[in-house]
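The values are calculated or read from the model by the stated rules, or taken from the named source; none is laboratory data. All values derive from a computational prediction rather than experimental measurement. Note that we place each Cβ from the backbone using ideal geometry, even for glycine, and neighbour counts take in every protein chain shown.
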Amino acid sequence: MNTATATTVTRRNRLPLETRPQRLRRRRRLEATLGIAVPVVLIGLWEVAARLGWINAQFFPAPSSSVIRGVEMIIEGRLLADIGITAYRVLVGYVLGTIIGFAAGVGMGMSPLLRKALEPMLSALYTVPKIAILPIFLTIFGFSDAPIIAIVTVTVFFYIWIYTMEAVVAIPNGYLDAAKSFGVKGWAMFRHVVFPASLPSVAVGLRVGVGVALLITISSEFIVGGSGVGYLIFNARALFRLEEAYAGIVTAALIGVILQGTITWLGHRVTPWVVSRESRAAGL
Amino acid sequence: MNTANHSAGLADRPAKIEVRDLSLVFGVGDKAVHALGPINLSVGDGEFLSIVGPSGCGKSTLTKVVAGLLPPTKGEVDIRLAGTSIAPIATVFQDYGIFPWKTVLENVKFGLTVNGVTGSEATDRAAMWVQKLGLAGFENRYPSSLSGGMQQRVSIARALAVEPEILLMDEPFASLDAQLRELLQEELLRLHESDGRTVLFVTHSLEEALVLGDRVLVLTARPGTLLDLKDVPFARPRTSEVRESREFNEMRYELWSHLKDQVHIGVTGDAS
């Protein structure tokens with residue numbers, strides 16, 4: 001049985017796709033088409049299923065009816081007003097949280113004493129689900145924008161604080177030594193070394209933070225009520241108008257996409273030295 | 001500078017750096033590591049001193065003390081400065097020397113900017129050193145897009161742009177390939193011979209130490225103390241061809257035979 005058979009393994013030249021432009025173009029077109037076609041087909045299926053009664057249209061109204069309701073809401077002026085209010089709450093809280101979080105992160109990153117004094121307390125508070133403190137803020141500020149902005153600020157603060165502090169602590173000594181050897185300290189050290197060295201990591205924190213800021217705003221609007229995209233979704237449920245809820249959900253998603261996209265773009269703009277993996281592979 | 005007397009006249013030169021009973025201990029109690037010393041040393045004005053020794057012998061520590069990055073545990077280091085340069089001491093490191101977030105030109109400008117030279121004067125000076133180190137055309141590139149050799153040129157340009165009285169180099173060519181290292185050694189020889197500034201050059205290569213240095217300081221295994229301090233007899237201007245001569249190889253062999261035992265001590269000492 002055990003007859004050994006000698007074989008020759010040949011590594012044949014198989015042209016990589018990149019060297020065959022026509023094949024490559026066809027492949028790229030297919031990929032792009034699939035990316036759009038899959039969700040379109042699924043939404044189409046939903047539409048047909050809702051219209052033919054295969055699924056309960058009260059829970060899953062036909063996408064077209066949600067779109068129509070959304071357009072109506074824009075014409076009524078309600079939707080844009082709610083978008084404006086939600087965006088305002090997200091952005092004010094986000095900016096405040098970022099400023100305070102960055103200052104705390106840099107301060108604690110650069111000063112071991114400050115870190116020893118504040119880190120245990122902040123780390124303990126970090127584990128508190130932020131939405132849990134909304135009732136406190138509601139009591140303090142009453143039913144207005146203020147408690148929502150406050151809770152977004154607190155949430156974003158923790159993200160930016162931790163990303164900044166860890167980035168500052170992780171700055172390789174070599175960079176600090178290189179600057180120190182030229183007599184650099186204090187503000188110049190911050191400006192030329194600490195700030196730019198921590199920026200890529202802070203940009204990640206900002207990107208994560210903006211998503212969480214929107215999440216917290218929408219969920220707070222469920223509770224606080226009165227206005228905002230979150231309230232719109234929640235209220236539609238109460239009135240059993242789920243087309244409105246779906247229109248609200250899509251709106252919330254769009255706000256998220258726009259915010260994330262903007263922050264990501266800004267992040268790349270302020271850290272031009274961070275070369276992406278793809279462009280490095282392309283030999284740049 | 002009279003090149004014929006370059007190495008012969010070392011003893012007559014005024015000392016630029018005077019190391020007296022220098023010791024460095026990291027940590028305290030049981031965890032204390034005696035890294036360096038006691039060591040006494042005098043480095044002449046305009047001298048190129050190569051420093052070699054087994055890994056962990058404190059070669060880098062010595063340059064960090066001179067750079068003011070580490071305070072001595074015991075003893076003192078006197079540095080006599082004429083006060084003529086923008087920054088009196090500049091360092092070229094092996095890694096993490098140049099800032100990835102600054103372009104080539106911004107990196108070279110760095111030492112100028114932070115020492116009060118700004119505007120077009122800083123740009124002109126930086127541009128000159130960019131030119132001198134063969135980096136023209138790369139001014140606006142970020143270091144990550146440059147080869148290791150180019151990055152180290154940026155580091156050298158940045159150090160020289162402040163026209164320091166003392167240049168400290170801590171294994172600057174260690175992560176480069178052999179051909180590139182020889183090329184940069186040649187460039188460094190030219191630069192040193194034209195400006196005659198005091199250089200402390202840490203390396204783990206005896207060959208490099210001999211090609212570049214006026215003297216070679218050999219340190220013992222940790223804690224690093226003076227094992228050998230040899231005048232390098234090769235006349236300047238020197239090229240790296242000097243390494244082909246018999247004298248060169250005899251000298252390298254002699255230094256290696258001294259160093260070999262120390263390397264052994266360093267290795268077994270660490271393992272126990």
> Does A:Ala50 satisfy being within 36 Å of the chain's Cα centre (by Cα) and part of a loop (DSSP other than H, G, I, E, B)?
Replying inline: no
| message | It is to be established whether one or more residues within segment B:153-167 are β-branched (Val, Ile, Thr) and surrounded by fewer than 18 Cβ atoms within 10 Å (Cβ to Cβ). | response | no
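Residue by residue, here is whether (1) among the charged types (D, E, K, R); (2) away from chain B (no Cβ under 14 Å); (3) buried (at least 21 other Cβ atoms within 10 Å of the Cβ); (4) part of a helix (DSSP H, G or I) holds:
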{"position": "A:Met189", "(1), (2), (3), (4)": "no, no, no, yes"}
{"position": "A:Ser220", "(1), (2), (3), (4)": "no, yes, yes, yes"}
{"position": "A:Ile249", "(1), (2), (3), (4)": "no, yes, no, yes"}
{"position": "A:Leu266", "(1), (2), (3), (4)": "no, yes, no, yes"}
{"position": "A:Trp273", "(1), (2), (3), (4)": "no, no, no, no"}
For segment B:70-96, the count of residues that are more than 18 Å from B:Gly44 (Cβ to Cβ) and either among the hydroxyl-bearing types (Ser, Thr, Tyr) or within 16 Å of the chain's Cα centre (by Cα) (or both) equals 8
Exactly one of A:Val193, A:Val204, A:Val208, A:Val212 is at the interface with chain B (Cβ under 9 Å from one of its Cβ atoms), aliphatic (A, V, I, L, M) and assigned to a helix (DSSP H, G or I), and that one is A:Val193
Restricted to segment A:4-31 and to residues being exposed (fewer than 10 other Cβ atoms within 10 Å of the Cβ) and not in a loop (DSSP other than H, G, I, E, B), the residue modelled with the highest pLDDT is A:Glu31
| message | One residue is enough: does segment B:60-68 have a residue meeting the conditions aliphatic (A, V, I, L, M), buried (at least 20 other Cβ atoms within 10 Å of the Cβ) and free of Cβ contacts under 8 Å to residues at least 24 places away in the same chain? | response | no
Exactly one of A:Leu259, A:Leu254, A:Leu232 is crowded, with 18+ Cβ neighbours inside 10 Å, closer than 29 Å to A:Ile151 by Cα and under 19 Å from the mean Cα position of the chain (by Cα), and that residue is A:Leu259
So, first residue more than 8 Å from chain A (Cβ to nearest Cβ) in segment B:82-94, second residue of a type in the set (S, T, N, Q), Cβ within less than 7 Å, six or more apart or across chains; the pairs are B:Ile86/B:Asn115; B:Val92/B:Ser155; B:Gln94/B:Ser175
The number of residues in segment B:122-150 that are loosely packed, with under 14 Cβ neighbours inside 10 Å, part of a loop (DSSP other than H, G, I, E, B) and within 14 Å of chain A (Cβ to nearest Cβ) is 2
B:Arg215 fails exactly one of (1) among the basic types (Lys, Arg); (2) over 18 Å from B:Lys59 (Cβ atoms); (3) at pLDDT 90 or above, namely (2)
Among helices (runs of 4 or more DSSP H) entirely within segment A:87-183, at least 3 residues that are away from chain B (no Cβ under 14 Å) occur in A:112-126, A:134-141, A:145-169
Among helices (runs of 4 or more DSSP H) completely within segment B:163-272, the ones holding 1 or more residues that are within 30 Å of B:Ala126 (Cα to Cα) are B:178-195, B:206-212
Subset of segment B:95-121, residues within 13 Å of chain A (Cβ to nearest Cβ) and in a helix (DSSP H, G or I), comes to B:Val104, B:Glu106, B:Asn107, B:Val108, B:Lys109, B:Phe110, B:Gly111, B:Leu112, B:Thr113
Apart from one, (1) touching a strand residue (DSSP E or B) at 6+ places or on another chain (Cβ under 7 Å); (2) modelled with pLDDT of 90 or more; (3) within 12 Å of chain A (Cβ to nearest Cβ) all hold for B:Val43; the odd one out is (3)
Of the residues in segment B:63-74, those that are within 14 Å of chain A (Cβ to nearest Cβ) and either in a loop (DSSP other than H, G, I, E, B) or among the aliphatic types (A, V, I, L, M) (or both) number 7
**Message:** Taking the conditions exactly as written (without any contact (Cβ under 8 Å) to a residue 60 or more places away in the chain, outside any loop (DSSP other than H, G, I, E, B), under 30 Å from A:Gly77 (Cα atoms) and touching a Phe, Trp or Tyr at 6+ places or on another chain (Cβ under 9 Å)), does A:Ile233 satisfy them or not?
**Reply:** yes
Across segment A:235-245, the tally of residues that are surrounded by 17 or more Cβ atoms within 10 Å (Cβ to Cβ) and in contact with a Lys or Arg (Cβ under 8 Å, 6 or more places away or on another chain) stands at 3
